[in-house]
């Protein structure tokens, strides 16, 4: 059985398909990613600009066509993550999306976004047991959750997403400059410090980071020889060394590993953010996952009856 999820944020949209076989094994694949780029106007004026909104809806339409080619209409679902809710006109944008796409959009609350990202990361790492902290490194925010399998003990969201940080350092289409790495490391420690203190109070045996940005980091760090490919993990010393190499690497260096310029742009900044979070949490080893809320939604849909809404979702329709 397979289902496809279109995940909408202010910076990008992802079309993800998940499958659950008879043995209960869950697998996912990202069919396509589209850059929406509405985060600039949200940060500057608080809402999604008319031009940016129209362009975003057109791109979403193309993703829906692709999704319908891979799954029946009943198995294609649309979710809007909590970062979209940061726009003052998010509701109007969602209504426009629904009219154009002909599909209901489930608007996730921050709590629900965190829960789905946590569930997906734990599913990708079934060997991780006991208490674990999951940090989902999104475009506009980092969502934290700590728990034991399905039980969440503490959650937090901090507005230090990768694209937002790159925009703050005015990188444009280029990567973070090496000379800005120290300032970024300190900024992450300062901003995420209170959340990290709460998370550490619960104790945790494992630390997992996940998202499309982390997926790019994992590919690059593996190609550069820093990742344990058996466990898809990296130790702190290797992470710190890789961050330095990534910040000084060129697009040509990344291209040799099959990494596009677009994906390479965020790798150095992502490595610095993960390094800073690991330092705050006292983690000696970091598990790298390529999942997000879309994968969590697919898992939930496949694992239980479709007529049950995800708890805590502020919804305009059912997924």
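The values are calculated or read from the model by the stated rules, or taken from the named source; none is laboratory data. Values in this document were obtained by computation on a predicted structure and should not be read as measured data. Glycine gets a Cβ as well: all are built from the backbone with ideal geometry, and neighbour counts include every protein chain shown.
Results, tabulated for the structure shown:
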| item | result |
| --- | --- |
| Residues within region 274-295 that are under 30 Å from residue 4 (Cα atoms), crowded, with 24+ Cβ neighbours inside 10 Å and in contact with a helix residue (DSSP H, G or I) (Cβ under 7 Å, 6 or more places away or on another chain), tallied | 8 |
| Unique match (being closer than 30 Å to residue 155 by Cβ, surrounded by 14 or more Cβ atoms within 10 Å (Cβ to Cβ) and at pLDDT below 85) among 39, 9 | 39 |
| Counted residues, region 16-33 - those being closer than 15 Å to residue 120 by Cα and either touching a helix residue (DSSP H, G or I) at 6+ places or on another chain (Cβ under 6 Å) or in contact (Cβ under 8 Å) with a residue 12 or more places away in the chain (or both) | 9 |
| Hits in region 50-109 - residues which are part of a helix (DSSP H, G or I), closer than 19 Å to residue 295 by Cα and in contact with a strand residue (DSSP E or B) (Cβ under 8 Å, 6 or more places away or on another chain) | 60, 63, 64, 66, 67, 68, 70, 75, 82, 84 |
| Selected residue [crowded, with 20+ Cβ neighbours inside 10 Å and either assigned to a loop (DSSP other than H, G, I, E, B) or in contact with a helix residue (DSSP H, G or I) (Cβ under 9 Å, 6 or more places away or on another chain) (or both)] from 154, 188 | 188 |
| Region 202-216 residues that are at positive phi and touching a residue at least 24 places away in the same chain (Cβ under 8 Å), paired with ones that are surrounded by fewer than 19 Cβ atoms within 10 Å (Cβ to Cβ) and in a strand (DSSP E or B) (beta carbon under 6 Å, 6 or more apart) | 203/131 |
| Some residue of region 176-183 being at positive phi and in a loop (DSSP other than H, G, I, E, B) | no |
| Filter result (part of a helix (DSSP H, G or I), without any contact (Cβ under 8 Å) to a residue 24 or more places away in the chain and touching a helix residue (DSSP H, G or I) at 6+ places or on another chain (Cβ under 9 Å)) within region 245-260 | 245, 251, 253, 255 |
| Among residues of region 206-221, those that are outside any strand (DSSP E or B) and in contact with a strand residue (DSSP E or B) (Cβ under 9 Å, 6 or more places away or on another chain), counted | 8 |
| Residues located in region 113-150, provided they are in a loop (DSSP other than H, G, I, E, B) and within 12 Å of the chain's Cα centre (by Cα) | 138, 139, 140, 141 |
| Any hit, region 83-104, residues being under 22 Å from residue 302 (Cα atoms) and touching a helix residue (DSSP H, G or I) at 6+ places or on another chain (Cβ under 9 Å) | yes |
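Results for (1) assigned to a strand (DSSP E or B); (2) at pLDDT 95 or above, shown as yes or no for each residue.
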site: 272; (1), (2): no, yes
site: 275; (1), (2): no, yes
site: 279; (1), (2): no, yes
site: 288; (1), (2): yes, yes
site: 306; (1), (2): no, no
site: 309; (1), (2): no, no
site: 312; (1), (2): no, no
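To keep it simple, each residue is scored yes or no on (1) touching a strand residue (DSSP E or B) at 6+ places or on another chain (Cβ under 9 Å); (2) at pLDDT 95 or above.
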residue	(1), (2)
182	no, yes
188	yes, yes
194	yes, yes
200	yes, no
204	yes, no
